[in-house]
Amino acid sequence: MYEAGRPAGPRVPKLGPLGALDVPARPFVKWAGGKTQLLPELRRRVPSDFGHYWEPFVGGGAMLFDMLQQGTADSGSARVHGSSVTINDSNKWLIETYRAICVDVEGVIERLHDLQNEYRTSKGGEKVFYRVRDLGPGDKPAAIAAYVIFLNKTCFNGLWRVNRKGLFNVPHGKRAGQVTICDEDNLRRVSNVLQHVQVSTGDFELSVRAAAPGDFVYFDPPYVPVSASSDFTAYTKEPFGPAEQIRLRDCAIALLARGVKVVLSNADVPFVRELYKPSLGFKIDKVSAVRSINSKADRRGPVGEVIIT
Ligand SMILES: C[S@@+](CC[C@H](N)C(=O)[O-])C[C@H]1O[C@@H](n2cnc3c(N)ncnc32)[C@H](O)[C@@H]1O
């Protein structure tokens, strides 16, 4: 017997290693500043040879999943194995979600299915959205993961924004009824590729302390705002202002000095060009990308971005 799209009976076993024809794991959340569109440019700048891969601002992990695909049609050449990867983000709930998907994907799917069913059977879903949002995630890892994914799929534009108390406060999305909330196949693929990945939460600088000569670090920080009204720093309750941007630049300089390979992305604004001046040893390439998340629809046009090596 089947209940609303979920197989009954024994738990579905984990997928095996990806084969050439398998579908690759994709980001399981839509994240502000997601790098899917920049992947071709980023792939070209991945060093041909490196030790450990570090991603200190992982967010939705577009680059991470690309790096982890093993010989799939969608990716470039085979890249890294999970045991040589460390990811980090200061958003504790997001990192808890990565952990839960890694160790208990079936528990996450079960809870997310329940939320999806409840949401879909209620008129418009709005009441369910606000009840879940305001109840909070509780303290069980699988429930936290289901909470984060559910809110990401049903809130306005997939934004993650918290109030001063650190509580999620994005309103309900008007077209949320059209999205798949629980993509269980992708969640299992994500769990599969995340096995052995090391996961931490906290500040970017601490997270790369152990990076060694020959390692590769990709930094995708909250961008310097293009205009005063864009608010790309409001991911967590700690702001990421000019002082953090300078601290990140200095961290990149320190890593380069000890032989670590570094790639960064940021907005193409004068402040960033000044920070990563060629005289400091950086190379800045302008690339164009359509920023997919902006609370003002008329500001969603192409914006300049740079990749720094
Ligand atoms: C531009 S987003 C990364 C997007 C990601 N590359 C993707 O494809 O979805 C920046 C991330 O940095 C995180 N963040 C903000 N301040 C941080 C800090 N001080 N240390 C580590 N992560 C931080 C945010 O939570 C957010 O997920």
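Just a few scattered comments:
- Separation of the ASP250 and LYS127 label points, Cα + 7 Å toward Cβ, nm: 5.4 nm
- Virtual spin-label span in nm between ARG45 and SER288, 7 Å along Cα→Cβ: 1.8 nm
- Amide H to amide H distances under 5 Å link VAL260 with GLY214, where only residues 5 or more positions off or on other chains count and H is placed in the peptide plane.
- Relative contact order %, region 102-186, counting alpha carbon pairs below 8 Å whose residues are six or more apart: 31 percent
- The phi-based Karplus calculation (6.51 cos²θ - 1.76 cosθ + 1.60; θ = phi - 60°) puts the 3J(HN,Hα) values of region 247-259 at 4, 5, 4, 5, 5, 5, 4, 5, 5, 4, 5, 9, x Hz, whole numbers, x for Gly and Pro.
- 3J(HN,Hα) couplings calculated from phi for region 146-163 with the Karplus curve 6.51 cos²θ - 1.76 cosθ + 1.60 (θ = phi - 60°) are, in sequence order, 5, 4, 4, 5, 4, 5, 4, 7, 10, 7, 5, 6, x, 6, 10, 9, 10, 7 Hz; Gly and Pro show x.
- Which listed pairs, of LYS35/LYS153; LYS140/LYS174; LYS30/LYS174; LYS30/LYS92; LYS35/LYS261; LYS123/LYS174, have C-alpha distances above 21 Å, in listed order: LYS140/LYS174
- Solvent exposure of region 102-186 as accessible area per residue, Å², 1.4 Å probe: 51 Å²
- Cα centroid separation - region 116-135 against region 80-95, whole Å: 30 Å
- Distance in nm between pseudo-label sites at LEU206 and SER279 (7 Å out along the Cβ direction from Cα): 3.5 nm
- 5 angstrom amide H check on VAL199, placed H, neighbours 5+ away: ILE87
- Calculated diffusion of region 102-186, Stokes-Einstein form, Kirkwood radius summed over Cα pairs, 10 °C and 1.306 mPa s, µm²/s: 123 µm²/s
- For TYR276, nonlocal amide neighbours, meaning residues 5 or more places apart or on other chains whose placed amide H falls under 5 Å from its own, do not occur.
- Computed from backbone phi, the HN-Hα couplings of region 45-59 come to 9, 6, x, 6, 9, 7, x, 8, 9, 10, 10, x, 10, 5, x Hz, rounded to whole numbers (Karplus: 6.51 cos²θ - 1.76 cosθ + 1.60, θ = phi - 60°; Gly and Pro given as x).
The values are calculated or read from the model by the stated rules, or taken from the named source; none is laboratory data. Predicted model, so just to flag it, every value in this text is computed and none were measured. All Cβ positions, even for glycine, are placed from backbone atoms using ideal geometry, and neighbour counts span all protein chains on display. Quick note on the areas: whole protein, heavy atoms, side chains included, nothing else; ligands and nucleic acids left out. Shrake-Rupley method; radii C 1.70, N 1.55, O 1.52, S 1.80 Å.
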